[in-house]
Amino acid sequence: MSAELIQALEELEKERGIPKEVLIDAIESALRTAYKKNFGSNQNVEVHMDGDTGVFTVYCHKTVVESVTDDKIEISLEEARDINIDAQIGAEVEIEVTPGNFGRIAAQTAKQVVIQRLREAERNIIFDEFVNREGEIVAGTVQRNEQRVIIVNLGQTEAIMVHQDQIPGETFAQGQRIKVYISEVKRSAKGPQITASRSHPNFLKRLFELEVPEIFDGLVEIKSIAREAGYRSKIAVYSRDEMIDPVGACVGPRGMRVQNIVRELNGEKIDIIKWNSDAEVFIANALSPSKVIQVEVDEEEKASRVVVPDHQLSLAIGKEGQNARLAAKLTGWKIDIKSESQVNKEE
């Protein structure tokens, strides 16, 4: 058993990168606990495992005293000098106390420790892989739906997608392949806890990066995103190269690029807005598809008043205020929308 254990530890070191010394330390610690549990001892014991042979030895440390009151932790000077001729009162001596049947306990304990450390190593490998993929889109398979929480199989591990991270109205069949955004990776007692999302604004951002080469290459920049998942989104884009139309690049030939993203989002509407450093121009663009007559801004209050044609008022505000709300989120400005006739009455 001893030689086999050492060979197994050496193989684990090569294949899994777990140092043999780390495993031996863990086994020794576990065996110290096992010894005290099985032999009912409150002794000050240490367990040593020979790294070459795998042989286990249990040692007990006792304090040298004139008169022994507890032989589990004390030893007389006469007995101590049988072990170490130089022993003195108050010193400690080391005595081997390895039980005859300790080999069986050691084998079981060592096996449990190795299995536990293997699981920990696998969890760490998975954690390291996915913590580096936080903020990326990954493909997975719907494993099951538990009380409105979707469990997504990512191959080596699972991700959870809670209700608020799902796009309203979307339903998935078991075994269906889906794309998700890795929004958070945390350690937990049971291993890496991976949170996936399809409603996160950055899911939309990553989809554009995958679909539009100009964004991936840095020729077109996404400045901001406002999203109400499952309904409508606005995305502001910009290019330093005057030869590149950032909106046209995102729309793609015959609208194919944006259509591919809309399909992935099951019909979510997407307004692609040209970003501008001039707040008045940017706010006017953000209220697309509505036409804007005038924009007045208050820099201190970060607020604006927008005038639109009478027949465009409902379009500018949008259903239940959605267009105006998204425009405000996109620009970071408060937006007060007035029709042309309303402004004329005020004046």
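Look at the dipole of the chain built from charges on Cβ: of GLY191, VAL237, GLY155, the Cα furthest out on the positive end belongs to VAL237. Taken one residue at a time, the phi angles of segment 121-132 give Karplus couplings (6.51, -1.76, 1.60, θ = phi - 60°) of 5, 5, 5, 5, 5, 5, 4, 4, 5, 7, 5, 7 Hz. Gly and Pro are set to x. With the largest listed first and rounded to whole Å, the semi-axes of the equivalent ellipsoid of the chain from the Cα gyration tensor are 71, 23, 18. Sorted fewest first by neighbouring Cβ atoms within 10 angstrom, MET256, MET49 come out as MET256, MET49.
In terms of other Cβ atoms within 10 Å, GLU94, GLU301 run from fewest to most in the order GLU301, GLU94. For the pair ARG240 and GLU13, a Förster radius of 51 Å applied to the C-beta separation gives a FRET efficiency near 0.50, rounded to the nearest 0.05. Annotated for segment 1-100: lysine pairs at least 8 residues apart or interchain, Cα distance under 29 Å, count 7. With contributions of -39500 (n - 2.57) from each DSSP H run of at least four residues, the per-residue ellipticity at 222 nm computed over the chain stands at -11500 deg cm²/dmol.
Over all orientations, segment 85-142 has a Cα convex hull whose mean projected area works out to 9.8 square nanometres. Can you spot the lysines whose alpha carbon is less than 17 Å from LYS179's alpha carbon? Ignore those fewer than 8 places along the same chain. Qualifying lysines at Cα under 17 Å: LYS205.
Placing a label point 7 Å from the Cα of THR171 along the Cα-to-Cβ direction, the residues of segment 129-163 whose backbone N falls under 20 Å of that point are 141-152, 161-163. When the chain is treated as a Gaussian network with alpha carbon springs shorter than 10 Å, the biggest mean-square fluctuation among TYR35, TYR238, TYR181 belongs to TYR35. Our estimate of slack between ASN132 and GLU296, defined as 0.36 nm per intervening residue step minus the Cα-Cα distance, is 54.6 nm. Straight-line reach from LYS274: taking Cα to Cα under 17 Å and skipping same-chain neighbours fewer than 8 places apart, the aspartates and glutamates in range are GLU209, GLU214, GLU221, ASP241, GLU242, ASP245. For a straight C-alpha distance cut-off of 12 angstrom, the aspartates and glutamates reachable from LYS269 (same-chain residues fewer than eight places away being disregarded) are GLU228. As a rough footprinting exposure proxy, the listed residues LYS20, LYS269 were ranked by other beta carbons within 10 Å of their own, and the order from fewest upward is LYS269, LYS20.
From the alpha carbon centroid of segment 244-302 to that of segment 48-106 is 79 Å. Where both bridge residues fall in segment 276-347, DSSP classifies roughly 45% of the beta bridges as antiparallel. Where does helix 20-39 land angle-wise versus the long Cα axis of the chain, in degrees 0 to 90, nearest 10? The answer is roughly 60 degrees. As a calculated quantity, the FRET efficiency between SER277 and SER341 at R0 = 30 Å, using C-beta atoms, amounts to about 0.40.
Any read-out appearing in this document is the output of simple, stated calculations on the displayed coordinates, not a laboratory observation. As the structure is a prediction and not an experimental result, all values here were calculated from the model. So basically every Cβ, Gly included, is an ideal-geometry build from the backbone, and we count neighbours across all protein chains shown.
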